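See below for the structure under consideration.
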Amino acid sequence: QVQFVESGGGLVQAGGSHRLSCAASGIRFSGNAMGWYRQAPGKQRELVAAINSRGSTYYADSVKGRFTISRDNAKYTVYLQMNSLKPEDTAVYYCNAIKWSDTLATMYNSWGQGTQVTVSS
């Protein structure tokens, strides 16, 4: 059974930093690309960062230079380090496996509960 458990969200002031974690199970973690998504109120879920099995990364323009994605294959965990946070980064953050291609499509329809990040101005 595929499962993603996100954690680490919270309230942070603008300009601050925060790190999110996502533990995966039921997948061959080391061979999969992984991604972090976010969904703000009234908006669609969007991919913000991805990392493949070789460590190559992708970042959305809105977070490039501020967010860093990393992974620990031994712990089946992917991380998102967020720096220089802005109020517009406020969202629920999710992770999922990614099909590493031009489209970076989500691999599974199963989603975790997400973790809320709120950035105050």
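The values are calculated or read from the model by the stated rules, or taken from the named source; none is laboratory data. In this text the structure is predicted, and so the values were computed from the model without any measurement. Cβ placement follows ideal geometry from the backbone for every residue including glycine, while neighbour counts extend to all protein chains displayed. With ligands, DNA and RNA removed, areas are computed over all heavy atoms of the protein, side chains included. Shrake-Rupley method; radii C 1.70, N 1.55, O 1.52, S 1.80 Å.
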- line: In units of 2.2 N^0.38 Å, the Cα radius of gyration of the chain is 0.98
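Restricting to the chain, compute how many DSSP beta bridges are antiparallel as a %, nearest 5.
Rounded to the nearest five, the antiparallel share is 90 percent.
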- prompt: For Ala33, what charge total do you get from the other residues with a beta carbon under 12 Å from its beta carbon, if Lys and Arg give +1 and Asp and Glu give -1?
  reply: +4
Probe 1.4 Å, protein heavy atoms only - accessible area per residue of the chain in square angstrom: 51
- request: Quick one: among Trp100, Trp111, Trp36, which has the greatest mean-square fluctuation in a GNM of the chain with alpha-carbon springs under 10 angstrom?
  value: Trp111
